[in-house]
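Taking it in order: structure first as structure tokens, then the write-up.
Just so it is clear, none of the values below were taken in a lab; they were calculated from the coordinates. Remember, predicted model here, so these are calculated numbers, not experimental data. Note that we place each Cβ from the backbone using ideal geometry, even for glycine, and neighbour counts take in every protein chain shown.
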Amino acid sequence: MDNTIKKTLIIFGSPRPQGNTALLVQQLKAHLQGEVVELPVFHCHIAPCVDCRGCWKTARCVVQDEMETIYRDDYDNVVIAAPVYFGTLPGAVLSVMSRMQPWHAAKFFLKKPLLQRPKKAAVLLTAGGKGNWNDARHHLGAFFRMLNARGWSNHLICSPDTDTIPTNQDSAALDAVASLAVWLNEPLVENGETSSDWEF
């Protein structure tokens with residue numbers, strides 16, 4: 001059996017293609033094996049869920065856009081990379097998360113949960129000001145649970161204080177990203193993560 005990592009999906013949640021978050025993503029991509037697909041959610045116009053409830057009968061979203069990159073479920077790793085806005089994730093990332101409603105409908109309304117492939121999850125955050133990202137954890141937990149992706153709570157890297165220390169000078173964050181790549185490049189051990197990965 002071939003256990004090599006074949007694909008990593010990076011959900012890039014910053015409007016700044018050359019900013020601090022982008023730097024962390026570039027560092028991660030430099031160390032990753034296999035195919036890497038980056039989904040720049042501020043620039044690909046993924047619509048938010050409007051509760052049309054079409055998915056309540058089909059478990060499929062009626063909106064056709066770049067969410068298909070996520071719905072395809074053909075990746076081994078998923079990474080969310082985003083700045084912290086007002087203590088949580090940017091609106092464009094939250095819009096993506098709201099579009100997991102079809103998979104939620106399959107599980108809770110249709111009682112026919114989809115069998116998403118198991119995968120690893122990680123988070124890269126950058127934060128200025130107080131750098132408090134605690135409120136983001138709720139959204140991250142719910143999203144990764146729908147994706148059947150584990151490990152994020154033990155693999156959340158934040159470069160704080162970017163107002164005074166840019167990420168390219170944050171050696172601790174850069175070293176952590178290199179270590180994260182080593183973990184992402186390893187085959188998944190399905191029972192190797194803690195229950196906290198599933199917290200809402």
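Packing, taken as the mean count of other beta carbons within 10 Å per residue, orders the peptides 40-48, 56-64, 107-115 from highest to lowest as 40-48, 56-64, 107-115. Extension gain, Gln169 to Ser98, is 22.1 nm, computed as 0.36 nm per intervening residue step minus the present C-alpha separation. Among Val123, Val182, Val50, the largest mean-square fluctuation in a Gaussian network model of the chain (Cα springs under 10 Å) belongs to Val50.
The label point for Asn154 and the one for Lys111, both projected 7 Å from the Cα toward the Cβ, are 3.6 nm apart. Pairs of Lys residues in the chain that lie 8 or more places apart, or on two chains, and have C-alpha atoms under 19 angstrom apart add up to 12. Computed extension gain for Gln26 through Asn132, at 0.36 nm per residue and net of the alpha carbon distance, reaches 35.8 nm. With the convex hull drawn around the C-alpha atoms of region 29-78, the volume per residue stands at 95 Å³.
Within the chain, the proportion of C-alpha pairs whose separation exceeds 27 Å stands at 27%. For the pair Phe86 and Glu66 in one chain, pulling the backbone fully straight at 0.36 nm per residue adds 4.6 nm over the alpha carbon distance. Output the antiparallel fraction of DSSP beta bridges having both residues in the chain, as a percent to the nearest 5. Taking every DSSP beta bridge within the chain, about 5 percent pair in antiparallel fashion. Distance between the pseudo-spin-label points of His45 and Trp183 (7 Å out from Cα toward the beta carbon): 3.7 nm.
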